[in-house]
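Colleague: First the structure, then my questions, so here it is.
Every number here is computed from the coordinates shown, using simple stated rules; none is lab data. This is a predicted model, so every value here is computed, not measured. Cβ: placed from backbone, ideal geometry, glycine included. Neighbour counts: every protein chain shown.
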Amino acid sequence: MISSKEAVQKVIEEALKFRHIHVLLKIEEAIGHRMASDLKSICHSPPFDQSAMDNYAFHLCNIQSNEAIQISKDENSAGKSKIKHIKPHSAIRIFTGAKIPANADVVIPQELVEIDEKGKLQFDRSKFKALDNIRTKGSQFKKGDVIIKKGELLNAPRIAIAATGGHSKIKVFRFPTASITVSGNELVKPGTPLKSDMIYESNSIMLHAILSEYKIQVHGVFRSEDKIASLKKCISNCLKTSDIVLISGGISVGKYDLVKDVLNELKVKTVFHKVKQKPGKPLYFGTIGKKFVFGLPGNPAASLTCFYEYVIPLIKTLQGDKEPLRIIKKARLGNSYSKKSGLTHFLKGYVNEKSANILSDQESYKLTSFAEANCLIIIPENETELKAGDLVDYHSI
């Protein structure tokens with residue numbers, strides 16, 4: 001049995017072996033992915049000197065103080081730049097986004113100029129300097145610049161930056177796929193009649209929901225009896241279709257806990273089985289080829305805790321996140337807690353600006369407190385007695 005820190009490190013180490021799986025996506029489809037390599041711009045941005053507003057453009061250095069300027073009849077608008085050069089001592093009407101004529105060096109707001117009775121432009125030259133209100137060529141980035149770095153998350157601004165840099169497709173880390181097998185003779189699908197000594201199965205729905213939060217496509221949900229043949233068929237189907245296999249239940253040491261035997265038959269390599277933690281002590285993690293297998297406890301709260309602590313770091317690593325672990329923060333404990341030495345406890349909690357509070361109903365079968373929790377409070381293996389006001393670690397969920 002290994003510690004929780006050792007366990008999550010082993011998960012990440014295995015994931016890193018296969019983080020090189022990339023796909024080329026259209027930029028419209030790449031939101032939420034991470035860059036698989038540095039992305040360089042294929043053009044300057046802006047690609048030319050560009051007007052920042054609707055105004056008048058001219059060559060400031062050629063204008064004497066208080067000189068009236070002739071206004072050209074032609075104008076430059078965005079995408080339609082008729083005038084390439086301005087005549088000496090003259091100005092043109094120009095609009096936002098339009099290309100600046102080669103010999104113009106300033107754009108003056110229309111509210112700061114006057115048009116005299118001869119139709120000429122008058123303004124106070126002393127209030128302006130060269131390049132005022134001009135977006136210079138390459139001022140955002142230049143051709144060949146790295147505009148998005150490897151591992152960076154593609155949010156809406158970065159997608160737009162990729163497009164501005166001339167890219168229609170980008171190489172990203174591929175999102176892994178997943179399948180779920182739920183074992184248990186006592187489980188029935190919600191919506192069907194509930195017979196005596198049966199319970200509604202919720203783990204697959206819970207796991208499917210949280211996988212969706214991380215943009216993981218679920219290829220299948222299989223429900224198995226506690227029988228070798230049934231489990232083998234369901235798990236084999238999962239392995240055929242998905243990168244990540246989540247098995248709920250049947251991983252402990254009871255008479256009907258058959259998952260470990262089935263995984264051995266299927267040649268899944270055990271990375272670890274059992275972790276010094278509560279809840280989720282029976283947790284299993286293994287690999288076969290480029291696929292990852294988690295044997296999660298059947299108790300819902302234990303299953304969800306293990307998902308937060310181990311499955312999410314695996315997913316984030318495969319997605320190219322360089323910091324797959326949740327950020328550990330510290331807070332003052334709001335209530336006392338005692339436990340035996342030997343196991344790390346992950347406790348459903350609620351943290352506010354004053355303290356981190358351990359919620360009631362910590363039993364591994366109860367999800368009601370998880371629904372109210374906004375964090376997991378972490379009590380190390382060797383800690384036994386904690387008082388209100390003691391400093392504790394926690395991470396958000």
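Colleague: Quick one, can you get me the convex hull of the C-alpha atoms of region 22-87 expressed as volume per residue in Å³?
Modeller: In region 22-87, the Cα hull volume divided by residue count equals 179 Å³.
Colleague: Let me ask something else about it. Report, by chain and number, residues whose modeled amide H sits under 5 Å from the one on Val351, excluding near sequence neighbours (fewer than 5 apart, same chain).
Modeller: Hits under the 5 Å cutoff: Asn357, Asn374, Cys375.
Colleague: Within straight cross-link reach of Lys366, meaning Cα distance under 18 Å, which lysines are found once same-chain residues fewer than 8 apart are removed?
Modeller: Of all the lysines, those that pass the test against Lys366 - Cα under 18 Å, at least 8 places apart if same chain - are Lys278, Lys281, Lys348.
Colleague: OK, next. Can you give the convex hull volume of the alpha carbon atoms of region 1-146 per residue, in Å³?
Modeller: Hull volume normalised by residue count: 179 Å³.
Colleague: Highest mean first, what order results for 234-240, 340-346, 12-18 on Cβ atoms within 10 Å?
Modeller: Top to bottom by mean Cβ count within 10 Å: 234-240, 340-346, 12-18.
Colleague: Tell me which residues come under 5 Å, amide H to amide H, from His33 once H is placed; ignore anything under 5 positions away on its chain.
Modeller: It is Leu154, by chain and number.
Colleague: Give me the aspartates and glutamates in straight-line cross-link reach of Lys150: C-alpha distance below 19 Å, same-chain residues under 8 apart excluded.
Modeller: Correct list for Lys150: Glu28, Glu29, Asp38, Asp321, Glu323.
Colleague: Still on this model: Which percent, nearest 5, of DSSP beta bridges in the chain are antiparallel?
Modeller: Bridges in the chain are about 65 percent antiparallel.
Colleague: As a check on your grasp of the helix formula, calculate [θ] at 222 nm for the chain: sum -39500 (n - 2.57) over DSSP H runs of n ≥ 4, divide by the residue count, round to the nearest 500.
Modeller: Per the formula, -5000 deg cm²/dmol.
Colleague: Now for a different question. Among 96-103, 80-87, 301-308, how do they line up by average Cβ neighbours within 10 Å per residue, starting with the highest?
Modeller: The densest-packed peptide leads the list: 301-308, 96-103, 80-87.
Colleague: Here's a follow-up. Taking +1 at the Cβ of each Lys and Arg and -1 at the Cβ of each Asp and Glu, which of Val245, Leu359, Ser336 sits farthest along the dipole of the chain towards its positive end, judged by Cα position relative to the Cα centre?
Modeller: Comparing the listed Cα positions along the dipole, Val245 ranks first.
Colleague: If you line up the long axis of helix 4-16 against the longest principal axis of the chain, both from Cα atoms, how many degrees apart are they, to the nearest 10?
Modeller: 60 degrees
Colleague: Based only on the alpha carbon positions, what is the Kirkwood hydrodynamic radius of region 329-396, in angstrom?
Modeller: 11.9 Å
Colleague: Moving on to the next point. Sort 210-216, 3-9 by packing, meaning the average of other beta carbons within 10 Å per residue, with the highest value first.
Modeller: 3-9, 210-216
Colleague: Compute from the Cα atoms of region 252-308 the Rg and the Dmax, the latter being the longest Cα-Cα distance, and quote both in angstrom.
Modeller: 11.2, 31
Colleague: Quick one: helix 228-241 against the long Cα principal axis of the chain, what's the angle to the nearest 10°, folded into 0 to 90?
Modeller: 10 degrees
Colleague: Please list 3J(HN,Hα) in residue order for region 42-57, calculated via the Karplus relation 6.51 cos²θ - 1.76 cosθ + 1.60 where θ = phi - 60°; whole Hz, with x for glycine and proline.
Modeller: 9, 7, 6, 9, x, x, 7, 5, 9, 6, 8, 6, 7, 7, 10, 10
Colleague: Which ³J(HN,Hα) values in Hz, rounded to whole numbers, follow from the phi angles of region 361-371 under the Karplus curve 6.51 cos²θ - 1.76 cosθ + 1.60, where θ = phi - 60° and Gly and Pro get x?
Modeller: 6, 8, 4, 5, 8, 9, 9, 4, 6, 4, 5
Colleague: Report, as a whole number in µm² per second, the diffusion coefficient that Stokes-Einstein gives for region 146-227 at 10 °C and 1.306 mPa s using the Kirkwood radius over alpha carbon pairs.
Modeller: For the chosen part, D equals 98 µm²/s.
Colleague: Same structure, new question: Could you name the lysines in cross-link range of Lys269, using Cα to Cα under 17 Å and dropping any fewer than eight places away on the same chain?
Modeller: Within the straight-line limit of under 17 Å, Lys269 reaches these lysines: Lys10, Lys17, Lys232, Lys240, Lys260, Lys290, Lys291.
Colleague: DSSP loop GluC sites (Glu not before Pro) in region 89-136 with at most 14 other Cβ atoms within 10 Å of their Cβ, which ones?
Modeller: Qualifying residues, ordered by number: Glu117.
Colleague: Quick check: the angle from helix 203-213's long axis to the longest principal axis of the chain, C-alpha only, nearest 10 degrees?
Modeller: It is inclined by approximately 20 degrees.
Colleague: A follow-up question, please. If Rh is defined by the Kirkwood formula over all Cα pairs and Rg also comes from Cα, what ratio Rg/Rh do you get for the chain?
Modeller: Result: Rg/Rh = 1.22.
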